[in-house]
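The values are calculated or read from the model by the stated rules, or taken from the named source; none is laboratory data. None of the values given here were measured: they were computed from a predicted structure. Here the Cβ positions follow ideal geometry from the backbone for every residue, glycine too, while neighbour counts run over all protein chains shown. Only protein heavy atoms, including side chains, enter the accessible area calculation; ligands, DNA and RNA are left aside. Shrake-Rupley method; radii C 1.70, N 1.55, O 1.52, S 1.80 Å.
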Amino acid sequence: MTMLLEDVLRSVELWLRLIKKPQPQAYVNPNLDPVLLVPGVGGSILNAVNESDGSQERVWVRFLSAEYKLKTKLWSCYDPSTGKTVTLDQKSRIVVPEDRHGLHAIDVLDPDLVIGSEAVYYFHDMIVQMQKWGYQEGKTLFGFGYDFRQSNRLQETMDRFAEKLELIYNAAGGKKIDLISHSMGGLLVKCFMTLHSDIFEKYVKNWIAICAPFQGAPGCTNSTFLNGMSFVEGWEQNFFISKWSMHQLLIECPSIYELMACPNFHWKHVPLLELWRERLHEDGKSHVILESYPPRDSIEIFKQALVNNKVNHEGRNCLCPSTRIFLNG
């Protein structure tokens, strides 16, 4: 029954691809400086490559069979020896598609959707507008998708980013690059700028960081660790990834822990983790109190919440102790 459903979904996906036709660009301005777009967490299409035959399928983002693909292909476990999160499915590996000079991976995150959804239209509107201004794919407009599950300072990502900058610089005839990053993409660029300042200075002219959480995103991470996270809000969340499946994906990702509130930053208003806790009186009666924890003290709360984390992957229970990220981070 499962295989039959998969065949039907694949047929529908193929049909959706066939009815969509790319539109030619009307205007090109060859004098523009090249632009590289860098997305935030969850903002890159991810494909799973079958190790036996090399075939690929999109596993993030999906509208059709989204929950199934997430659990079977993207759930992972953090490996402290390498600093990477490793996919539980040992028969496949995760890659970022490079179609359209990297723009495909950050444009519409589910290209098979016939009716547009704001949830998956990532850089799409910006790409369309920039093309109207005369930017051209592969000449002055590029994208950098990445495996957002991994650390923002992972050497493999840094190497790919360096190669992308050199490629764009050469494609644009030696013109320096304008970077536009969103959210966690700003952390990735900052890591690269810090670790490879010589390459950054050689190739980058300007950098625009939109909503970059340079001192962390405490509200987002606190909610993710303790309450789960919805990929989209409102009624659309019923058709994509469930809140707790998304939670399981993210708590094994080093990148999410890099979004925690910086404990050494001099906050004007210190971000607090607030929890209602039940306490017992000496007479055995209970009462509820509100407890508040600043960034440093909240770490222990997260450890307690995640230490016994388990998932069921293809019929076997896997212990995924996320606290190793705290201990090795």
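Within the stretch 279-308, the set of residues being open to solvent by 90 Å² or more (accessible area, probe 1.4 Å) and under 26 Å from the mean Cα position of the chain (by Cα) comprises Arg296, Glu300, Gln304, Asn308.
Across the stretch 91-133, which residue is modelled with the lowest pLDDT among those that are of a type in the set (Phe, Trp, Tyr) and open to solvent by 30 Å² or more (accessible area, probe 1.4 Å)? Steps first, please.
Just the residues of the stretch 91-133 that are of a type in the set (Phe, Trp, Tyr), to begin with: 121-123, 133.
If we keep only those that are open to solvent by 30 Å² or more (accessible area, probe 1.4 Å) too, we end up with 121-122, 133.
Details: Tyr121: 86, Tyr122: 91, Trp133: 95.
So the residue we want is Tyr121.
Restricting the stretch 160-183 to residues that are assigned to a helix (DSSP H, G or I) and touching a strand residue (DSSP E or B) at 6+ places or on another chain (Cβ under 9 Å) leaves a set whose member that is most open to solvent (accessible area, probe 1.4 Å) is Leu167.
Condition first: of a type outside the set (S, T, N, Q), open to solvent by less than 40 Å² (accessible area, probe 1.4 Å), over 19 Å from Gln150 (Cβ atoms) and at pLDDT 90 or above. Can you find one or more residues in the stretch 41-59 that meet it? Lay out the reasoning, then the answer.
In the first step, residues of the stretch 41-59 are kept if they are of a type outside the set (S, T, N, Q); the result is 41-43, 45-46, 48-49, 51, 53-54, 57-59.
Filter once more, keeping what is open to solvent by less than 40 Å² (accessible area, probe 1.4 Å): 42-43, 45-46, 48-49, 57-59.
Subset that is over 19 Å from Gln150 (Cβ atoms): 57.
Next, from what is left, pick out any that are at pLDDT 90 or above: 57.
Yes: the stretch 41-59 contains one or more residues that are of a type outside the set (S, T, N, Q), open to solvent by less than 40 Å² (accessible area, probe 1.4 Å), over 19 Å from Gln150 (Cβ atoms) and at pLDDT 90 or above.
Please return the ranges of strands (runs of 3 or more DSSP E) entirely within the stretch 50-144 where 1 or more residues are closer than 20 Å to Pro39 by Cβ and among the aromatic types (Phe, Trp, Tyr). Don't jump to the end; show me each part of the working.
Numbers: elements: 56-60, 76-79, 84-87, 92-95, 141-143.
In the stretch 50-144, 56-60, 141-143 are the strands (runs of 3 or more DSSP E) which contain 1 or more residues that are closer than 20 Å to Pro39 by Cβ and among the aromatic types (Phe, Trp, Tyr).
Could you pull out the residue among Arg277, Arg296 that is of a type outside the set (Gly, Ala, Ser) and assigned to a strand (DSSP E or B)? After applying the criteria, what remains is Arg277. Within the span defined as the stretch 256-264, one or more residues are open to solvent by less than 30 Å² (accessible area, probe 1.4 Å), in a helix (DSSP H, G or I) and modelled with pLDDT of 90 or more.
One residue stands out in the stretch 194-214 among those that are of a type in the set (A, V, I, L, M) and more than 21 Å from Ala261 (Cα to Cα): the one that is surrounded by the most Cβ atoms within 10 Å (Cβ to Cβ), namely Val204.
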